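Let me begin by presenting the structure, written as C-alpha cells, before commenting on it.
The values are calculated or read from the model by the stated rules, or taken from the named source; none is laboratory data. Every value quoted in this text rests on a predicted model; they were computed, and no experiment measured them. FYI the Cβ positions are ideal-geometry reconstructions off the backbone, even for glycines, and counts take in every protein chain you see. Please note that ligands, DNA and RNA were not included when accessible areas were found on the heavy atoms of the full protein model with its side chains. Shrake-Rupley method; radii C 1.70, N 1.55, O 1.52, S 1.80 Å.
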Amino acid sequence: MNNYQFDSLKFATEGLTGGGCTIISDVKGLPSFMIPFNKRTNAQLFDGGSEKTHSAFVVDDVEYKRFFFSKFINCIVDGLAYSWPLVDPKASINYDASHAACNAKGTGWHLASIPERAVINHLIYKSGFIPRGNTQYGKHHTYTYEVGETTATESDGSGGTRTTRTATGSGPATWFHDGTRNGIADYVGDVWKWMSGLRIYKGEIQIFVGNLAAKQVSHLATSTYWKAILPNGSLVEPGTPGTLKYTKDFKIATDTGAAGSTYTANFGNLVAGTGVTTIPEILKELFLAPVSGVTHTGAFWIDNQDERLPFVSGSFSNPSDAGPSALHLNNPRSSVRAGLGFFSAFMELESAI
C-alpha cells in the first residue's frame with residue numbers, strides 16, 4: 001500500500017462531495033471550505049458570448065485553470081477571513097476591511113471579485129435553478145417554511161425581536177447556489193456581499209483588467225488599476241471622453257445625465273442609452289448588463305455621485321429585491337451595516353495553463 005501524505009479534512013471533504021468542495025489552508029494553516037470553478041469561455045456561459053476565455057480566469061494576460069469561491073459567507077478570526085459552516089457571518093464591515101481580512105490570508109487570496117461572481121451567475125441562469133435564501137428576517141419571503149438558524153436579532157418595533165442573520169449553511173438546499181448542499185451557501189440573502197474589481201465614479205463604470213483582484217492589486221480610490229470602458233468594449237483611463245456610465249434613469253450611456261440616487265426592482269431593466277448602440281460584450285461577461293434571454297432576479301441601485309462600491313445578492317431585509325442579479329452601487333467604501341458581509345476567493349497563481 002502506498003504511503004500517501006494527505007490532509008484528512010481535505011480528503012474527507014473532497015470524497016464526500018465528489019470534488020465539488022475542497023479545503024484550502026492559509027498562512028496560519030487554518031482551513032476554509034472552497035468551491036472550484038473551472039475555466040470557461042464566454043460562449044459557454046451566455047448566449048451571444050464569444051470564444052474568449054472569461055475574465056475571471058485571466059490575470060496579467062495569463063490564463064488559469066480555475067478559481068475557488070467560498071462555500072460560506074465569511075467570518076473573521078484573528079483578522080483573517082474564513083469560509084466556515086454554521087457560524088454567524090461577519091457583518092458591519094466596510095469595503096477596505098473586507099479586503100484586508102482576505103489579503104492577510106496569503107498569496108492568491110482576495111475579496112471575491114465581480115468577474116468570479118459573473119461566472120457563478122451565468123452558471124445559475126444556465127441551469128434554470130434560481131437560489132433562494134434568508135430574505136425576510138430568518139426565512140425566505142415566499143417559501144416561509146424555509147428557515148435558517150438564528151445568529152443575530154434586532155427589535156421588531158413592537159417590544160419584541162426578530163431574526164436578522166442566520167448561521168452560514170443552516171438553511172435548506174434551496175439556499176445553496178446550485179440547489180444542492182455541495183454548492184455555495186447563502187449566495188442570495190442573509191447579508192449583502194462586498195465584491196472587488198468594480199466601482200463607479202460619478203456614474204462612470206470602472207473595473208480591473210481581467211481578474212487582477214486575485215493579485216491583491218490596490219483597490220484604493222487613487223489606484224491606477226481602475227479602468228473605464230468605451231462603447232466598443234476597450235479599456236481606457238478613467239475620465240476619458242465617451243466612456244460608459246450608469247445613469248439615474250437605468251441606462252448604460254456615454255452621458256451621465258442627472259445626478260442622484262435611484263432604484264429599479266429588476267436589474268434586467270437596464271438598457272442602452274445615449275452614445276451606445278450595442279452594449280459591449282465585456283459588460284455582459286461581467287454581469288454588469290442584462291444578458292439576452294435571461295429572466296433576472298434581483299434589483300439594481302445606483303448613486304452616480306462620487307465613488308460607489310458594489311455589494312450584491314441582497315440581505316435578510318430585501319424580500320423581492322434579492323437575487324443573483326441584485327447589484328447595489330449606492331454606497332461609499334466606508335459603509336457598514338448589520339446586513340453587509342463578504343465572500344473570499346482564491347486562485348492558484350502558480351497553476352497557469
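Which one is nearest to the chain's Cα centre (by Cα), of the residues in the stretch 281-316 that are in a loop (DSSP other than H, G, I, E, B) and surrounded by fewer than 20 Cβ atoms within 10 Å (Cβ to Cβ)? I'd like the intermediate steps shown before the answer.
Initial filter on the stretch 281-316 (in a loop (DSSP other than H, G, I, E, B)): 286-299, 304-306, 313-316.
This time we only want the ones that are surrounded by fewer than 20 Cβ atoms within 10 Å (Cβ to Cβ), so: 292-293, 295, 305-306.
Values: Ser292: 21, Gly293: 22, Thr295: 19, Gln305: 23, Asp306: 22 Å.
Step by step, filter the stretch 281-316, then rank; the result is Thr295.
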Next item on the list: Hey, can you tell me all the residues within the stretch 21-45 that are within 17 Å of the chain's Cα centre (by Cα), within 15 Å of His110 (Cα to Cα) and outside any strand (DSSP E or B)?
Entry: none
Note to self: Return the residues of the stretch 122-132 that are open to solvent by less than 40 Å² (accessible area, probe 1.4 Å) and touching a strand residue (DSSP E or B) at 6+ places or on another chain (Cβ under 9 Å); say none if nothing qualifies.
What the structure shows: Pro131
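Inspect all residues belonging to the stretch 192-199 and state whether any of them is in contact with a strand residue (DSSP E or B) (Cβ under 7 Å, 6 or more places away or on another chain), aliphatic (A, V, I, L, M) and touching a residue at least 12 places away in the same chain (Cβ under 8 Å). Explain how you work it out, then say what you get.
Residues of the stretch 192-199 in contact with a strand residue (DSSP E or B) (Cβ under 7 Å, 6 or more places away or on another chain): 192-199.
Those left that are additionally aliphatic (A, V, I, L, M): 195, 198.
Now restrict to residues that are touching a residue at least 12 places away in the same chain (Cβ under 8 Å): 195, 198.
Yes; the residues of the stretch 192-199 include at least one that is in contact with a strand residue (DSSP E or B) (Cβ under 7 Å, 6 or more places away or on another chain), aliphatic (A, V, I, L, M) and touching a residue at least 12 places away in the same chain (Cβ under 8 Å).
Conditions tested, residue by residue: (1) open to solvent by less than 30 Å² (accessible area, probe 1.4 Å); (2) closer than 18 Å to Pro319 by Cα; (3) not charged (D, E, K, R).
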residue	(1), (2), (3)
Glu146	yes, yes, no
Thr151	no, no, yes
Glu154	no, yes, no
Gly157	no, no, yes
Thr166	yes, yes, yes
Ala173	no, no, yes
Asp178	no, no, no
Tyr187	yes, yes, yes
Val191	yes, yes, yes
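Please go through the stretch 170-209 and give me each residue that is touching an Asp or Glu at 6+ places or on another chain (Cβ under 7 Å) and not basic (Lys, Arg), ordered by number. Don't jump to the end; show me each part of the working.
First, the residues of the stretch 170-209 that are touching an Asp or Glu at 6+ places or on another chain (Cβ under 7 Å): 170-172, 174-175, 199, 201-202.
If the condition is that a residue be touching an Asp or Glu at 6+ places or on another chain (Cβ under 7 Å) and not basic (Lys, Arg), then Ser170, Gly171, Pro172, Thr174, Trp175, Tyr201 are the ones that fit.
I'd like to check something: does the stretch 46-54 contain any residue that is outside any loop (DSSP other than H, G, I, E, B) and open to solvent by less than 20 Å² (accessible area, probe 1.4 Å)?
Our first condition is that a residue be outside any loop (DSSP other than H, G, I, E, B); within the stretch 46-54, this holds for 53.
Now drop any that are not open to solvent by less than 20 Å² (accessible area, probe 1.4 Å), which leaves none.
Checking the stretch 46-54: not a single residue is outside any loop (DSSP other than H, G, I, E, B) and open to solvent by less than 20 Å² (accessible area, probe 1.4 Å).
Mind counting the residues in the stretch 36-71 that are basic (Lys, Arg) and in contact with a Lys or Arg (Cβ under 7 Å, 6 or more places away or on another chain)? Explain how you work it out, then say what you get.
Going residue by residue through the stretch 36-71, those that are basic (Lys, Arg) are 39-40, 52, 65-66, 71.
Okay, now just the ones that are also in contact with a Lys or Arg (Cβ under 7 Å, 6 or more places away or on another chain), so 39, 65-66.
Of the residues in that region, 3 qualify.
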Check: Applying the selection to the stretch 317-353, what residues are in contact with a helix residue (DSSP H, G or I) (Cβ under 7 Å, 6 or more places away or on another chain), open to solvent by less than 10 Å² (accessible area, probe 1.4 Å) and farther than 21 Å from Ile184 by Cα?
Finding: none
Check: If we scan the stretch 224-233, do we find a residue that is closer than 18 Å to Ala118 by Cβ, under 20 Å from the mean Cα position of the chain (by Cα), basic (Lys, Arg) and crowded, with 22+ Cβ neighbours inside 10 Å?
Finding: no
Checklist line | Qualifying position, being of a type in the set (S, T, N, Q), open to solvent by less than 50 Å² (accessible area, probe 1.4 Å) and at pLDDT below 95, among Thr264, Thr256 | finding: Thr256
Item checked: Selected residue (criterion: nearest to Ala185 (Cα to Cα)) from residues of the stretch 12-54 that are out of contact with any Phe, Trp or Tyr (no Cβ under 9 Å at 6 or more places or on another chain) and hydroxyl-bearing (Ser, Thr, Tyr) -> Thr17
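Among the residues that make up the stretch 60-75, is at least one of them over 18 Å from the mean Cα position of the chain (by Cα), surrounded by 20 or more Cβ atoms within 10 Å (Cβ to Cβ) and at pLDDT 95 or above? Steps first, please.
Applying the first criterion (over 18 Å from the mean Cα position of the chain (by Cα)) to the stretch 60-75 yields 60-65.
Cutting the leftovers down to surrounded by 20 or more Cβ atoms within 10 Å (Cβ to Cβ) gives us 64.
Imposing the further condition that a residue be at pLDDT 95 or above reduces the set to 64.
There is at least one residue in the stretch 60-75 that is over 18 Å from the mean Cα position of the chain (by Cα), surrounded by 20 or more Cβ atoms within 10 Å (Cβ to Cβ) and at pLDDT 95 or above.
Taking the options Ala213, Ala221, name whichever one is in contact (Cβ under 8 Å) with a residue 40 or more places away in the chain and in a loop (DSSP other than H, G, I, E, B).
Details: Ala213 fails: in a loop (DSSP other than H, G, I, E, B).
Among Ala213, Ala221, only Ala221 is in contact (Cβ under 8 Å) with a residue 40 or more places away in the chain and in a loop (DSSP other than H, G, I, E, B).
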